[in-house]
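Colleague: One structure, as C-alpha cells, below. Some questions next.
The values are calculated or read from the model by the stated rules, or taken from the named source; none is laboratory data. Worth saying up front: this structure is predicted, and the values here are computed from it rather than measured. Neighbour counts run over all protein chains shown; Cβ positions are idealised from the backbone, glycine included. These area figures cover heavy atoms from the full protein model, side chains too; ligands, DNA and RNA do not enter into them. Shrake-Rupley method; radii C 1.70, N 1.55, O 1.52, S 1.80 Å.
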Amino acid sequence: MTKTGFIFDLDGVIVDTAKYHYLAWKNLAEELGFEFTKEQNELFKGVSRKRCLEILLDIGKVSATQTQFDTWMVEKNVDYLKYIENMDASEILPDVPKVLEFLKKKAQPIALGSASKNARPILEKVALLPYFDAIVDGNNVTKAKPDPEVFLIAAEKLGVSPENCIVFEDAVAGIQAANAGGMISVGIGDASVLSEATYNFNDFTSLDIPFLEKLMNN
Ligand code: B16
Ligand code: MG
C-alpha cells in the first residue's frame, strides 16, 4: 500500500499562537508610536517574522535602518517568548490530539510544516513533540509560503511523495503552498477565506475518523 504523509501547520492548526504574536507586535508598534489592530494581525498569519516586521513598518509608515530592523526583530521575539513561556497542553486546539493519536495508531507518517522558528519548543511545551516523525520550520527554509519548500522538505523527510501528502493549514498562503507542491490541502478555518483548499473544515471537531481513513486509502 502507498504511504500517506500527514503534514500539519502549527499556528492556527495545532495551537493558537497568533494571539501571542499579536501582543508582541502590538507592543512593538506602541513603542514605535502607532496602533496595531487585531484585524491587521490577520495579515500576519502564516507569514515569516521578517515579512511581518516589513508589513508592520509599512502600516506605521516607519522607516528603519538595517540595524534598527534587526533589533526590532529580536525585541519582538524576546517579548513573544515571554508570552509562550507558560504554554501547556491546555492550549492545544480541540480534537488535535484525537487526530494525531489515530494517525499514530495507524502508523501514518506525521510532520510539522510551519513558518515559525519557535515551532519545536512550542510542541515540547504542549507535549505533542513525540507524535512528529519530522519537523520542518522557519529554521529549515529559504522560501516562505506560498512557496511549497516547507512542505516539500517535510514530504522528503517522511519519505512520501508529494502527491501522497495531506497538508492541514489555516492560512491562504499555506493552502497555496500545499497546492503548489502537488499535495492535497485541508483548510482549517473559514471556508470562504480558504476556498482554494481541496477540503474545508471549521476545526478538527468537524473532521471525523472516516474522513482520515478516506485520505489514507486514496
Ligand atoms: P516566529 P505557522 C507562523 O506560524 C505564524 O502564523 C506567523 O504569524 C509568524 O510570524 C510565523 O509563524 C513566524 O513565527 O516568529 O515564531 O518564527 O502558521 O506557519 O505555524
Ligand atoms: Mg498557521
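Colleague: Report the residue, chosen from Asp79, Asp58, Asp190, that carries the largest GNM mean-square fluctuation when the chain is represented by alpha-carbon nodes joined by springs under 10 Å.
Modeller: Asp58
Colleague: Loop only by DSSP, 14 or fewer other Cβ within 10 Å of the Cβ. Give me the chymotrypsin sites (Phe, Trp or Tyr not before Pro) in segment 28-123 that pass, ordered by residue number. It would help to have the intermediate numbers written out before the result.
Modeller: On the way: sites: Phe34, Phe36, Phe44, Phe69, Trp72, Tyr80, Tyr83, Phe102; in loops: Phe34, Phe36.
Sparse-neighbourhood loop chymotrypsin sites (Phe, Trp or Tyr not before Pro): Phe34.
Colleague: Also, quick follow-up: I'd like the distance between the alpha-carbon centres of segment 43-114 and segment 147-218, rounded to an integer number of Å.
Modeller: With segment 43-114 and segment 147-218 each reduced to a Cα centre, they are spaced 19 Å.
Colleague: Assign unit charges at the C-beta atoms only (+1 for Lys and Arg, -1 for Asp and Glu), then state the dipole size of segment 9-120 relative to its Cα centre in Debye, rounded to the nearest 20. Display every interim value, and only then the final one.
Modeller: Values: 16 positive and 18 negative charges, 105 e Å.
Roughly 500 debye for segment 9-120.
Colleague: Per DSSP H run of at least 4 residues, take -39500 (n - 2.57); add these up for the chain, divide by its residues and hand me the 222 nm value, nearest 500 deg cm²/dmol. Please list the in-between numbers first.
Modeller: Numbers: 9 runs with 93 residues, N = 218.
That calculation yields -12500 deg cm²/dmol at 222 nm.
Colleague: Moving to a separate point now. Evaluate the charge dipole of segment 95-173 about its Cα centre and quote only its size in Debye, nearest 20, assuming +1 on the Cβ of each Lys and Arg and -1 on the Cβ of each Asp and Glu.
Modeller: Numbers: 10 positive and 11 negative charges, 51 e Å.
Using only the charged Cβ atoms, the result is roughly 240 debye.
Colleague: Running a GNM on the chain with Cα contacts under 10 Å, which residue among Ala89, Ala24, Ala178 ends up with the highest mean-square fluctuation?
Modeller: Ala89
Colleague: Taking the Cα centre of the chain as the origin, how large is its charge dipole in debye, to the nearest 20, when only Lys and Arg (+1) and Asp and Glu (-1) carry charge on their Cβ atoms? Display every interim value, and only then the final one.
Modeller: On the way: 22 positive and 32 negative charges, 97 e Å.
Dipole about the Cα centre, nearest 20: 460 debye.
Colleague: Add +1 for every Lys or Arg and -1 for every Asp or Glu among the other residues with Cβ under 13 Å from the Cβ of Asp190, and state the total. The partial results should precede the final answer.
Modeller: On the way: positive: Lys45; negative: Glu42, Glu169, Asp170, Glu196, Asp203.
Neighbourhood net charge equals -4.
Colleague: Sticking with this structure for a sec: By a straight-distance test (C-alpha under 22 Å), which lysines pair with Lys145 as possible cross-link partners, with residues fewer than eight away in the same chain excluded?
Modeller: Cross-link targets: Lys19, Lys38, Lys45, Lys50, Lys76, Lys117, Lys157.
Colleague: If you count only protein heavy atoms and use a 1.4 Å probe, how large is the accessible surface of Thr198, to the nearest 10 Å²?
Modeller: Only protein atoms counted, so the area is about 80 Å².
Colleague: Would you mind telling me which residue in Leu129, Leu112, Leu32 has the biggest mean-square fluctuation in a Gaussian network model of the chain, where springs connect alpha carbons within a distance under 10 angstrom?
Modeller: Among Leu129, Leu112, Leu32, the largest GNM mean-square fluctuation belongs to Leu32.
Colleague: State, as an integer percentage, the relative contact order of segment 62-211 based on alpha-carbon contacts under 8 Å between residues 6 or more apart. Please report the intermediate quantities before stating the final value.
Modeller: Working: 210 pairs, mean separation 24.8, N = 150.
Relative contact order of segment 62-211: 17 percent.
Colleague: Which of Gly113, Leu81, Gln40 sits closest to the plus end of the dipole of segment 27-133, meaning its Cα is farthest towards the positive end, when Lys and Arg get +1 and Asp and Glu get -1 on the C-beta?
Modeller: Working it through, the farthest residue towards the positive pole turns out to be Gly113.
Colleague: With the cut-off at 1.5 for a/c, could you classify segment 98-218 from its C-alpha gyration tensor as rounded, prolate or oblate?
Modeller: Values: a/c = 1.30, a/b = 1.05, b/c = 1.23.
Here segment 98-218 falls in the rounded category.
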